[in-house]
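A.B. asks: My questions will all concern the structure given below.
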Amino acid sequence: MNNSQQNIYVICNWNHRAAEIISELRADVLQKAGEYPPVVVVHDEKVDLDRYHTLGSDRYRFVEFVLGDPGNVEVLRRAGVARARSVIILRDDRLEEEADSQSLMVMLGCVRCIEEELKNSLQKLPRASWGQQPLRELLNQAGAENLRIPNVLLEYGGQFGDIRKDRATDTIVSPHQLSGFSRKLADSLEILSISDIRSKVFAQSGRSPCGGLISVYDTLLTFGEEDCEVYLTEIQGKAEWTHFAHYARAVLQQTAATGETVIPVGLFSGNDLYANPRGALSMTESVRRIAVLSYDPPEARLDLQTASSSTRAMAPVQPPVATAVDTPLNQEAPMEEPRHNLSKSYMQNHYIICHWNERAAEIIGELRAHEQISEGKNRADRVPVVVLTRKQIATEMLDDIWRESGEKSTKDKEDIITDVYFRPGDPASAASLKQVNAYAAKTIIILADEKGGPLADARTLQCLMAIQEAVGSESVVPHVVAEILDVNNYAKFKEFERQTNGAVEVIRGESLRTRILAQAARTPGLVDFYYDLLTHSDDSNELYELPVESLLQEIRQRDGLDKKAGIPFPDVARHVLDKVILTLEARAASPTAAKNEPPVEVIPVGVWRDHKTVVNPLPRHPEYELVDTDRLVVISYHPPQELMAKGEVVRAEAAMQEAQPK
């Protein structure tokens, strides 16, 4: 291996996810763009890649293997780790419980290789100055202009507890014995928990009253000519652009005129990427690094010298119609039944989880976290969760739910698990599903029955068929989110999805994780970006659906259009951003009154129609022109229905209208 070669991808350890990562890194659309990257695999045995070849594709050709222990510094040195574009450390699944230990040893070896490269290049730097400081700080030294720190992606299974990045301090939060060497790599290291992503996607999709959010992540995480991806670019700012919404509106307005709309969705601060950043931006940077949604890689720097940042007068906002995502469950009185014995009359607009596995507690924790943030802790607002499982119910299950919800006190523990009910039964039985009112459920989540082994996906299919039988003629099929384990079965389940007109959504959980690793290898910072979208807290965004009828009425009234005229997606997106900008400017004029107001930042990214979501629709898409029954898919800190109907938004628009020349 020529370890002087740069801009390579190094994959340490081989598991069944490695082949898919290479395929994503070498997607044919990237080859056409001249970005087919060299890949080096560090493993203790060579893998026969011929079995992965497909007709007309050479994605697996010219992959070089460096044989040896990936935890050995000499082996990593031969692989060229120190000069790589990205290093992906996969878990060696053969080691089972020791896999995380080995992965962390590989990470330590990478740190030593990178440190060694810097020392060789910066020989005049006093050794005493190295210490435990982050390696990236050394790049400020004279002579380091042409050096870089590779992006390191760690697939982590949780053996040593929670290891995460604290983006506020740019440090690694981990058990004491790991913090020393991980701190050196803090601002280049991204950690992907092997179960987090699946659980978070399940929870977010389950809460959606319409479904279709899974397809957003499928689109963003797939390289293809028909898929919209996350890319990085730079933009020259203006003095009057004080918030990210100004940048978003300017880029969207100018690029929409070309028919290839580019949507800004995130901003770099230092070395970290933040989705839809809130608050006023620092004025120290005239050139901003931003993340955008685009079908093709944008220019390295977007020239927006002619873009306008002005906003147009708009009609006063009428409060949008409330939807199920914000409608609390009307509960007349607290239920006194034990958690395994609940009345059927109570089971309306509830969540059903079929099967119990390691992700179930995380999913319930995410659902509860969302309710605490968006709806308060009033029990009357809680959506009941019913777990239908053949497993014997144990107190450990309830303890897991409390732990994953992030609550601390005993009182909180009781509050979290109060409306979680366990029902013994076979999720593949229509009779069992009828007992938990499957036809009246808000969402049914089918987790993989991992005890089923190779037949786990077959059990999931049986559950889907049982749901159809249980629902019968009483109602349409409720929103269903199903997990599959074998990617080869995906096409079969997609056919089921089509037959139900999108009411059933399928998650390839492991595939999501694999594709995030591949994209983050190409674009550093994307792991945190997706965690931000998938995690519920006061400081993070997520995907929401927003009814558009009142928004379209405002645009038609303003522009003198027919009452039923379709409105192009870029125009609707700009209209929403206009509202956001007006509100932010009003808050800036009265900072004391706005001090305790929730974030109003909203970024439209797609359109939902008929159980299908299209990200950043183009003129050739039927969803490009929105009609009254459509919904906008947006990135927001809080449910946008509440934000768009807030009195301060209406007042800001009214003030804007009064200021217009008569």
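The values are calculated or read from the model by the stated rules, or taken from the named source; none is laboratory data. All of these numbers come straight from a predicted model, not from anything done at the bench. Cβ atoms come from the backbone with ideal geometry, glycine included; neighbour counts cover every protein chain shown. All accessible areas refer to the heavy atoms of the entire protein, side chains included, with ligands and DNA or RNA removed. Shrake-Rupley method; radii C 1.70, N 1.55, O 1.52, S 1.80 Å.
A.B. asks: Only residues that are touching a residue at least 40 places away in the same chain (Cβ under 8 Å), among the charged types (D, E, K, R) and either in contact with a Phe, Trp or Tyr (Cβ under 7 Å, 6 or more places away or on another chain) or assigned to a helix (DSSP H, G or I) (or both): list them for segment 556-570, please.
C.D. replies: R558
A.B. asks: Would you point out which residue out of V471, V480 is farther than 13 Å from C354 by Cβ and open to solvent by less than 10 Å² (accessible area, probe 1.4 Å)?
C.D. replies: Result of the check over V471, V480: V471.
A.B. asks: Is it the case that some residue within segment 126-134 is modelled with pLDDT of 65 or more, in contact with an Asp or Glu (Cβ under 8 Å, 6 or more places away or on another chain), outside any helix (DSSP H, G or I) and not β-branched (V, I, T)?
C.D. replies: Taking every residue of segment 126-134 in turn, none turns out to be modelled with pLDDT of 65 or more, in contact with an Asp or Glu (Cβ under 8 Å, 6 or more places away or on another chain), outside any helix (DSSP H, G or I) and not β-branched (V, I, T).
A.B. asks: Right, here's the next one. Residues being in a strand (DSSP E or B) and either at pLDDT 85 or above or of a type in the set (A, V, I, L, M, F, W, C) (or both): count how many of those fall in segment 228-244.
C.D. replies: Summing the residues that are in a strand (DSSP E or B) and either at pLDDT 85 or above or of a type in the set (A, V, I, L, M, F, W, C) (or both) in segment 228-244 gives 7.
A.B. asks: List every residue pair whose Cβ atoms sit under 8 Å apart, with the two residues 6 or more apart in sequence or on different chains, where the first one lies in segment 96-112 and is outside any helix (DSSP H, G or I) and the second, anywhere, is surrounded by fewer than 21 Cβ atoms within 10 Å (Cβ to Cβ).
C.D. replies: none
A.B. asks: From N541, N616, grab the single residue that is in contact (Cβ under 8 Å) with a residue 12 or more places away in the chain, touching a Gly at 6+ places or on another chain (Cβ under 7 Å) and either under 23 Å from V230 (Cα atoms) or exposed (fewer than 15 other Cβ atoms within 10 Å of the Cβ) (or both).
C.D. replies: On inspection, the qualifying residue turns out to be N616.
A.B. asks: What residue, among those in segment 455-481 that are in contact with an Asp or Glu (Cβ under 8 Å, 6 or more places away or on another chain) and more than 18 Å from N437 (Cα to Cα), is modelled with the lowest pLDDT?
C.D. replies: For segment 455-481, the residue satisfying everything is A456.
A.B. asks: Also: Going through A573, A521 one at a time, which residue ends up being at pLDDT below 80, among the aliphatic types (A, V, I, L, M) and either over 24 Å from S205 (Cα atoms) or open to solvent by less than 10 Å² (accessible area, probe 1.4 Å) (or both)?
C.D. replies: None of the others qualify; the one that does is A521.
A.B. asks: Return only the number of the condition from (1) within 31 Å of the chain's Cα centre (by Cα); (2) on the phi > 0 side of the Ramachandran plot; (3) at pLDDT 80 or above that S103 does not satisfy.
C.D. replies: Status for S103: all satisfied but (2).
A.B. asks: So, in segment 619-638, exactly how many residues are out of contact with any Lys or Arg (no Cβ under 7 Å at 6 or more places or on another chain) and buried (at least 17 other Cβ atoms within 10 Å of the Cβ)?
C.D. replies: Of the residues in segment 619-638, 10 are out of contact with any Lys or Arg (no Cβ under 7 Å at 6 or more places or on another chain) and buried (at least 17 other Cβ atoms within 10 Å of the Cβ).
A.B. asks: Say whether the condition of being modelled with pLDDT of 85 or more, open to solvent by less than 10 Å² (accessible area, probe 1.4 Å) and under 26 Å from the mean Cα position of the chain (by Cα) is met by at least one residue in segment 25-34.
C.D. replies: no
A.B. asks: While we're looking at this one, here's another question. Does R288 satisfy being part of a strand (DSSP E or B) and in contact (Cβ under 8 Å) with a residue 24 or more places away in the chain?
C.D. replies: Taking the combined requirement at face value, the residue satisfies it.
A.B. asks: Looking at segment 97-120, which of the residues that are open to solvent by 10 Å² or more (accessible area, probe 1.4 Å) and of a type in the set (S, T, N, Q) is farthest from E155 (Cα to Cα)?
C.D. replies: Taking the candidates together, the pick is N120.
A.B. asks: List the number of the failed condition for K46; all other conditions in (1) under 22 Å from S511 (Cα atoms); (2) at pLDDT below 90; (3) open to solvent by 10 Å² or more (accessible area, probe 1.4 Å); (4) touching a Leu at 6+ places or on another chain (Cβ under 9 Å) hold.
C.D. replies: For K46, the failing item is (1).
A.B. asks: Just a yes or no: is a residue in segment 485-507 within 15 Å of L213 (Cα to Cα), touching a helix residue (DSSP H, G or I) at 6+ places or on another chain (Cβ under 7 Å) and surrounded by fewer than 20 Cβ atoms within 10 Å (Cβ to Cβ)?
C.D. replies: Taking every residue of segment 485-507 in turn, none turns out to be within 15 Å of L213 (Cα to Cα), touching a helix residue (DSSP H, G or I) at 6+ places or on another chain (Cβ under 7 Å) and surrounded by fewer than 20 Cβ atoms within 10 Å (Cβ to Cβ).
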